[in-house]
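Novice: Mind looking over this structure? Questions follow.
No value in this document is a laboratory result; all are computed from the given coordinates. As the structure is a computational prediction, the values presented were derived from the model and not from experiment. Neighbour counts are summed over all protein chains in view; Cβ atoms, including those assigned to glycine, are modelled from backbone coordinates with ideal geometry.
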Amino acid sequence: MRSEELIRPAAPMWIHFESCPLCASVDTVLLRTDSCESHPIWQMGLPKKLDWMHCQQCQHIYSRNYFTAVGLALLFSKAHPMQVVGLNLDQERARWAPTVERIQGHLQQQGWMGDSMVWLDIGCGAGGLVITATEYGFNAIGLDTRVQAVEHIEALGYSAVVGDLMELQVTDPVMVMSLADVLEHVPFPRQALNRVHAALMPGGLVMISCPNLDSGSWRKANAEGINPYWSELEHHHNFSRASLMRLLAEEGFIPVDYSVSTRYKSCMEVIARRL
């Protein structure tokens, strides 16, 4: 091996946001810097610290950098066990049943109406929502970038495919889409919601869950200096209820439901209807 090959720089792992990913303002300041080496899937090659930026125009809080394809490959080479092998399925169905029932209520769908309504679960992970929605009569399909997660769901007899939201194209619009703890992971949320809007039929529903930085538990964790989200290696955005509702409205959705999610700490769940 030649000496120049030894010192050749590795492919870049991440890219700087040149401006606020929500409003494109360059009037941004560094909010805080936090270590992420204690994150469960951190490994050598990934950043040791996270910089969080604060947009002075729209007040959005986001990470300074986002991962390249090379960085994502390294990041996804490890995973939380619950992302790929599942939890107790009775616990999962109890956890997701209220969400499915709220969706049914907004669709005015009864459990006996059959499986004609397609539900596409983006970032399906271990498949708890796919499995529960199927039980309620939806034609539920999971989408995840992790092959192991998809294979696990398929092994249980449910539908899932390997894929990425930002490359999603559907031949027939679907009735329901869910982004359970997904929107905070994607670098550009507006573009992600554009994909969702294009895939949903008019009047279709999207369910989004993510941490709520304006919740009481978030504020308490901040005050005590133990907020885990500041070291969350996979997250690029921190939303409040108001900022998420505003973003949905700006991208062609009408928020119709807000609830507290018990899936993760300080988590909220919003259902919105496509115009």
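Novice: In a Gaussian network model over the chain where Cα atoms closer than 10 Å are linked, find which of 225, 125, 71 has the largest mean-square fluctuation.
Specialist: 225
Novice: How about residue 220: which lysines have a C-alpha closer than 23 Å to its C-alpha, ignoring those fewer than 8 places off in the same chain?
Specialist: Residue 220 reaches 49, 265.
Novice: Could I ask something else about it? Of 253, 188, how do they rank once you tally other Cβ atoms within 10 Å and put the fewest first? Present the calculation step by step, with values, prior to reporting the outcome.
Specialist: Values: 253 24, 188 15.
In order of increasing Cβ crowding within 10 Å: 188, 253.
Novice: Now, a different point. In whole Hz, what ³J(HN,Hα) sequence does the stretch 224-230 give by Karplus (6.51, -1.76, 1.60; θ = phi - 60°), x for Gly and Pro?
Specialist: 8, x, 10, 6, x, 6, 6
Novice: By how many nm would the segment from residue 155 to residue 214 grow when fully extended, if each residue of separation counts as 0.36 nm and the alpha-carbon distance is taken off?
Specialist: Values: separation 59, 0.36 × 59 = 21.24 nm, distance 3.94 nm.
Contour length minus Cα-Cα distance gives 17.3 nm.
Novice: Of the candidates 177, 44, 53, which one comes out as most mobile in a Gaussian network treatment of the chain with C-alpha springs shorter than 10 Å?
Specialist: 44
Novice: Same structure again: Defining a contact as two alpha carbons under 8 Å apart and six or more residues distant in sequence, what relative contact order in percent does the stretch 84-274 show? The partial results should precede the final answer.
Specialist: Numbers: 344 pairs, mean separation 34.1, N = 191.
Computed value for the stretch 84-274: 18 percent relative contact order.
Novice: Along the stretch 15-28, what does the Karplus equation 6.51 cos²θ - 1.76 cosθ + 1.60 (θ = phi - 60°) give for ³J(HN,Hα), rounded to whole Hz, x for Gly and Pro?
Specialist: Listing the rounded values in order: 10, 6, 5, 6, 7, 4, x, 9, 10, 6, 6, 9, 7, 10 Hz.
Novice: Additional query: So who's got an amide H within less than 5 Å of the one on residue 200, skipping anything under 5 residues away but keeping other chains? H placed 1.01 Å off N, in plane.
Specialist: Result for residue 200 returns 174.
Novice: Under a crude label model (7 Å from the Cα following the beta-carbon direction), how far is residue 93 from residue 171 in nanometres?
Specialist: So the label points at residue 93 and residue 171 sit 3.2 nm apart.
Novice: Normalising by the residue count of the stretch 234-275, find the relative contact order in percent from Cα pairs under 8 Å and 6+ residues apart.
Specialist: On the way: 40 pairs, mean separation 14.4, N = 42.
Reported as a whole number, the value is 34 percent.
Novice: Using a Gaussian network for the chain with springs between C-alpha atoms less than 10 Å apart, which of these wobbles most: 191, 108, 148?
Specialist: Among 191, 108, 148, the largest mean-square fluctuation in the Gaussian network model of the chain belongs to 108.
Novice: Now a separate question. Give the calculated FRET efficiency between residue 191 and residue 34 to the nearest 0.05, with a Förster radius of 41 Å applied to their Cβ-Cβ distance. Provide the component values of the computation, followed by the final result.
Specialist: Numbers: r = 26 Å, r/R0 = 0.64.
Step by step, r from the Cβ atoms, then E = 0.95.
Novice: Per-residue ellipticity at 222 nm for the chain, helices alone: DSSP H runs ≥ 4 residues times -39500 (n - 2.57), over residue total, nearest 500 deg cm²/dmol?
Specialist: Using -39500 (n - 2.57) per qualifying helix, the result is -8500 deg cm²/dmol.
Novice: I've got another one for you. Out of residues 5 or more away from residue 14 or on other chains, whose amide H comes under 5 Å of its own, with H placed 1.01 Å from N in the peptide plane?
Specialist: 68
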